[in-house]
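One structure is given here, and the rest of the page talks about it.
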Amino acid sequence: MVAWPDFRARLQRFLVIGLGMALVLAITLLLSAFSEGFRLRSERLLDVFGGDRYLVAAGSSGPMTSTTPLPASLGDIAETAGAVARPVFLAPNAILVDGQPAGVIVVGSDGDEPGLRVVEGRAIGGPGEALADVEVVELALGDRFTLAGQPFTVVGRTEHATWDIANAALFVDRQQALGLFADGQDVATAIAIEGEGELSGLPEGVEVQPREQAFDDVLSRTADAKRSIDSFKVTLWALAVVIVAAVLYLAALERVRDFAIFKATGAKNADLVLGLALQAAFVGLIAGVSSVGLAHAMKPIYPGLLSLPVRVAWPVIPVAVVIAVLSSIAGVRRAIRVDPSQAFG
């Protein structure tokens with residue numbers, strides 16, 4: 001077996017190649033983390049408002065994006081069936097901070113959202129107060145701003161109430177929100193329902209949507225960004241192949257005399273092929289394992305919600321090994337064509 005002595009002689013080079021490939025793969029994993037972050041963001045948003053299913057206006061895109069009002073009293077139907085109902089009132093709008101507009105999703109809140117968690121300050125206590133998600137970067141605790149011509153003060157900060165990178169929640173008193181955006185009518189843009197009671201007697205123009213449909217609807221807001229990220233990931237995988245293939249081929253060119261000596265001393269083509277494949281697999285293994293560690297180390301550098309679960313991270317290791325082995329084909333072909341007589345030239 002020619003692989004092991006040759007491998008020991010060139011260990012440092014193989015480590016450098018593996019770490020270079022690992023950096024490219026780590027960036028690929030970070031892109032995957034951004035893409036997974038969109039899914040996690042959607043799950044957490046639904047967790048904030050709760051609900052196994054939702055009442056929405058018929059034909060609406062979903063409970064977290066619909067702006068078509070429904071009577072809030074529809075929740076009584078669910079409660080009659082033994083379920084728990086909470087009206088959700090959402091109003092996309094813009095606030096003025098120091099004269100500059102910033103887009104937000106205004107949430108009319110009674111403070112009973114099951115997943116609402118205050119991470120700084122306190123919950124809203126009445127009109128004129130607001131609870132801003134941490135991703136509303138224009139606002140800090142104690143800031144004052146104008147919404148629909150009315151002054152507000154940020155009394156607390158929450159998290160996980162974000163639709164996408166550009167739209168986060170601003171919780172204000174429900175009655176004040178209805179007064180500003182619904183002419184004071186007791187309406188909701190959706191009604192979150194928990195419990196399995198049968199909903200009968202729903203009026204025409206109202207439909208029930210399951211949580212899965214609500215999740216897909218929220219996730220669809222980031223579909224274009226996700227497609228762009230996935231396309232760039234493919235480009236980086238191709239780049240990794242090119243980098244490793246080029247380095248291994250150049251290394252093979254430098255070792256023509258070595259290959260000739262191996263052949264002259266009895267090594268068969270199969271031995272060279274297996275040896276180079278094992279060396280490439282080792283490079284891929286170094287790259288795959290290192291890339292996972294690098295990706296986790298680099299996550300705090302990047303803003304936004306990044307998620308890198310095991311099911312996303314671990315496949316990069318066998319894929320990296322396969323890529324490295326395939327990338328060694330050019331070097332293998334060069335080794336096979338070597339004439340043993342070159343060992344004496």
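Rg of the Cα atoms in region 71-212, relative to 2.2 N^0.38 Å, amounts to 1.10. Seen against the Cα atoms of the chain and their longest principal axis, helix 316-327 is set at about 40 degrees. The fraction of all Cα pairs in region 138-214 landing in successive 5 Å bins from 0 to the largest distance is 3, 9, 16, 18, 19, 15, 10, 7, 3, 0, given as whole percents.
The charge dipole of the chain, taken about its Cα centre with unit charges on the Cβ of Lys, Arg, Asp and Glu (plus for the first two, minus for the last two), comes to roughly 2940 debye. Based on C-alpha pairs under 8 angstrom that are at least 6 apart in sequence, the chain has a relative contact order of 29 percent.
Compute the distance from the alpha-carbon center of region 142-163 to that of region 48-83, in whole Å. Taking the Cα centre of each part, region 142-163 and region 48-83 sit 25 Å apart.
Treating the angle as unsigned and between 0 and 90°, give the value, to the nearest 10°, between the Cα long axis of helix 11-49 and the longest Cα principal axis of the chain. Value to nearest ten degrees: 20. Among bridges DSSP assigns within the chain, what percent are antiparallel (round to 5)? Of all bridge pairs located within the chain, approximately 80 percent are antiparallel.
Under the 0.36 nm per residue contour assumption, what length would be gained going from the current alpha-carbon distance of residue 19 and residue 183 to full extension?
52.9 nm
Need one number: the % of Cα-Cα pairs in the chain sitting beyond the 28 Å mark. The proportion of pairs with Cα distances above 28 Å equals 57 percent.
Using the scaling law 2.2 N^0.38 Å as the reference, what is the normalised Cα Rg of region 46-97?
On the way: Rg = 12.7 Å, N = 52, 2.2 N^0.38 = 9.9 Å.
That ratio works out to 1.29.
Pair-distance distribution P(r) for region 126-177, from all Cα-Cα distances in 10 Å bins starting at 0: 27, 56, 17 percent. Residues of region 27-60 falling in the label zone of residue 194, defined by backbone nitrogen less than 14 Å from a point 7 Å along Cα to beta-carbon, are 46-54.
Shape annotation for region 1-140: C-alpha extents along the principal axes are 79, 45, 29 Å, from largest to smallest.
All of the numbers you see were taken from the coordinates with simple rules; none came from a lab. Note that the structure is a prediction, hence the values are computed from the model and not measured. Note: ideal-geometry Cβ built from the backbone for every residue, glycine included; neighbour counts use all protein chains shown.
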